[in-house]
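Structure, as structure tokens:
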Amino acid sequence: MKKTLLVEFIKSAPSAQEFPSPELPEVAVVGRSNVGKSSLLNRLTSAKRMAFVSKTPGRTQLINFFRLGDEMTLVDLPGYGFAKVPVAVRQNWEQLVTSYVFERPALCLVLLLIDIRRDPMESDIQVRDLLEQAGLAHVVVATKTDKLSKSRARQQQTKLERIYAAEGKIPLIPFSAVTSEGRNELWKVIEKHVREARRAPKK
Ligand SMILES: Nc1nc2c(ncn2[C@@H]2O[C@H](COP(=O)(O)OP(=O)(O)OP(=O)(O)O)[C@@H](O)[C@H]2O)c(=O)[nH]1
Ligand SMILES: [Mg+2]
């Protein structure tokens with residue numbers, strides 16, 4: 001269904017002052033650098049050639065806004081956890097993302113991406129805590145499932161669910177941008193939250 005919607009780049013914002021005016025419900029993706037945020041957005045929207053892919057991993061501290069038809073805005077948050085970034089860059093990331101998640105009434109769902117092959121880093125847990133503090137609906141998406149055998153993927157899923165879902169009881173969705181595993185499940189979650197946001201917009 002979403003295949004037919006036009007994906008339009010709105011803008012890249014380096015600071016809160018430059019966020020576009022929120023016209024539609026927003027769904028954001030956040031996660032470590034290289035975890036597969038852009039690939040997930042491409043796969044979700046089938047926009048293979050969309051400008052979701054960055055060439056300078058971990059360096060570009062921009063929030064990218066894309067409009068999906070008249071339905072919603074998709075937001076690609078800058079990656080974190082990139083080794084060797086200067087402290088100033090990390091602080092800038094925190095400031096930018098914190099101002100976004102706390103001051104964006106249109107934001108109705110955040111997808112927190114983690115690589116299914118890796119144990120969570122402290123920064124992943126910090127981001128999860130940030131989302132909880134902001135009172136935002138979020139789901140954990142375990143990416144790159146195609147890189148593991150089915151049984152290993154299942155093992156890792158159980159382990160990650162224990163870490164993430166146990167406390168906040170938030171769902172974990174296995175996903176692959178290569179095989180499209182999880183795509184339909186993820187769309188269902190997104191559509192549910194967008195529908196609810198349309199019905200009862202936050203003030
Ligand atoms: N096998 C496999 N590779 C993937 C998958 N998702 C992403 N990748 C690869 O992982 C690398 C990083 O993917 P991106 O989508 O650019 O990751 P990102 O999170 O947007 O990275 P930054 O924007 O730099 O933070 C690329 O080489 C992708 O091709 C997946 O589901 N399976
Ligand atoms: Mg990216």
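The values are calculated or read from the model by the stated rules, or taken from the named source; none is laboratory data. From a predicted model like this one, the values you see are computed outputs, not experimental measurements. Neighbour counts run over all protein chains shown; Cβ positions are idealised from the backbone, glycine included.
What the table shows:
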{"read-out": "Filter result (assigned to a loop (DSSP other than H, G, I, E, B) and either basic (Lys, Arg) or over 24 Å from GLU94 (Cα atoms) (or both)) within segment 123-169", "value": "LYS144, LEU148, SER149, LYS169"}
{"read-out": "Members of segment 71-122 found to be under 30 Å from SER21 (Cβ atoms) and assigned to a loop (DSSP other than H, G, I, E, B), listed by number", "value": "GLU71, LEU77, PRO78, GLY79, GLU103, ARG104, PRO105, ALA106"}
{"read-out": "Checklist (1) charged (D, E, K, R); (2) over 25 Å from ARG104 (Cβ atoms); (3) in contact (Cβ under 8 Å) with a residue 12 or more places away in the chain applied to GLU161, failing item", "value": "(3)"}
{"read-out": "Subset of segment 13-61 that is farther than 26 Å from LYS188 by Cα and at pLDDT below 90 - its residue that is nearest to ligand 2 (Cβ to nearest atom)", "value": "SER54"}
